[in-house]
Amino acid sequence: MQKIIVAIDGHSSTGKSTFAKAIAAKLGYVYVDTGAMYRSVTLYALQQRLINERGEVSEKELVAQLPAIRITFRYNKGKSASETCLNGKNVEQEIRSFSVSQYVSRVSAIPEVRERMVHLQQEMGVNKGIVMDGRDIGTVVFPQAELKIYMTADPQVRAERRYKEMKEKGCEVPIEEILENVKRRDYEDERRVVAPLRRAPGALLLDNSRLTPEQQMEWFLEQLAALRINL
Ligand code: DC
């Protein structure tokens, strides 16, 4: 049986992880959320007080401690979901906290942090059969992936989706503010110096502004068939 690597990159709030998880479940592959890995390093830095009140990161110390940071994914059967562990402790909730979200872009811009994460990600893919999502998977981590996808959606549509999600969690933020945030993150992701977000050569473009999850899966299966990938 042929096993492949599916590399998914794209703008924030396009539903990359939902789509990647659905593909992994469909193919019986492992799903790796690389954003969770950068979030775990950020959580570690916060726990070790390597980020001060002004938001400055003690880069040297953090880089020196990288070998002490072990990130693994554990499958929770009850929840049918994979959970991120930092040095053996489940941190799936903590890495989604506001403070981690606030500092993760700074931590993920440190070249040595990226080098280490990319190395770990490449190791996870040695046996293929993996779906990985992030910002640099098709460009840096697996440029040779059999299937590369670049996801985007209209900023207004993404802001509306985020607004609904947040409202359901009981947090109401004006939609204009969310739209501003969506646009700012696009700008930062595309313009950062290290591993900026780019559509990798050969990556298939998926604009899901007007697609349901079912239609996205149909699209994915069509692409597999068109590439004559027999799984
Ligand atoms: O997808 P996310 O919001 O969980 O990602 C968290 C942060 O990590 C975000 O600032 C982008 C960054 N990131 C990255 O630089 N490279 C990746 N492969 C994945 C995420």
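The values are calculated or read from the model by the stated rules, or taken from the named source; none is laboratory data. Just so you know, these numbers come straight off a predicted model, no measurement behind them. Note that each Cβ is placed from the backbone with ideal geometry, even for glycine, and that neighbours are counted across all protein chains shown.
Residue-by-condition table, conditions (1) at pLDDT 95 or above; (2) closer than 30 Å to P111 by Cβ:
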position	(1), (2)
V157	yes, no
M166	no, no
A195	no, yes
R198	yes, yes
Inset, instruction - Determine which member of the set T72, T84 is in contact (Cβ under 8 Å) with a residue 12 or more places away in the chain, within 11 Å of the ligand (Cβ to nearest atom) and either over 21 Å from L197 (Cβ atoms) or loosely packed, with under 15 Cβ neighbours inside 10 Å (or both). - result: T84
Legend entry - Cβ-Cβ under 8 Å pairs, at least 6 apart or on other chains, segment 13-38 side without any contact (Cβ under 8 Å) to a residue 24 or more places away in the chain and under 20 Å from N208 (Cα atoms), far side more than 16 Å from the ligand (Cβ to nearest atom) and not in a helix (DSSP H, G or I): none
Inset, instruction - Just need a number here: residues in segment 96-106 that are under 15 Å from the mean Cα position of the chain (by Cα) and either modelled with pLDDT of 95 or more or farther than 19 Å from L197 by Cβ (or both). - result: 2
Inset, instruction - Quickly run through segment 25-83 and pick out the residues that are hydroxyl-bearing (S, T, Y) and not in a helix (DSSP H, G or I). - result: Y29, Y31, S58, T72, Y75, S80, S82
Inset, instruction - Consider A159 carefully, then state whether it is small (G, A, S), within 16 Å of the ligand (Cβ to nearest atom) and closer than 11 Å to S13 by Cβ. - result: yes
Inset, instruction - Go through the residues of segment 41-51 one by one and say whether even a single one is at pLDDT below 95 and surrounded by fewer than 14 Cβ atoms within 10 Å (Cβ to Cβ). - result: no
Inset, instruction - Mind listing just one residue for me: the one in segment 1-58 that is charged (D, E, K, R) and over 30 Å from L227 (Cβ atoms) and, of those, nearest to the ligand (Cβ to nearest atom)? - result: R39
Legend entry - Selection from segment 107-145 of residues that are among the charged types (D, E, K, R), buried (at least 16 other Cβ atoms within 10 Å of the Cβ) and in contact with a strand residue (DSSP E or B) (Cβ under 8 Å, 6 or more places away or on another chain): D133, R135, D136
Legend entry - Qualifying residues in segment 188-201 (those that are surrounded by 13 or more Cβ atoms within 10 Å (Cβ to Cβ) and within 17 Å of I5 (Cα to Cα)) - the one farthest from the ligand (Cβ to nearest atom): R199
Inset, instruction - Select, from A145, A109, the only residue that is in contact (Cβ under 8 Å) with a residue 24 or more places away in the chain, within 12 Å of the ligand (Cβ to nearest atom), under 17 Å from the mean Cα position of the chain (by Cα) and part of a loop (DSSP other than H, G, I, E, B). - result: A109
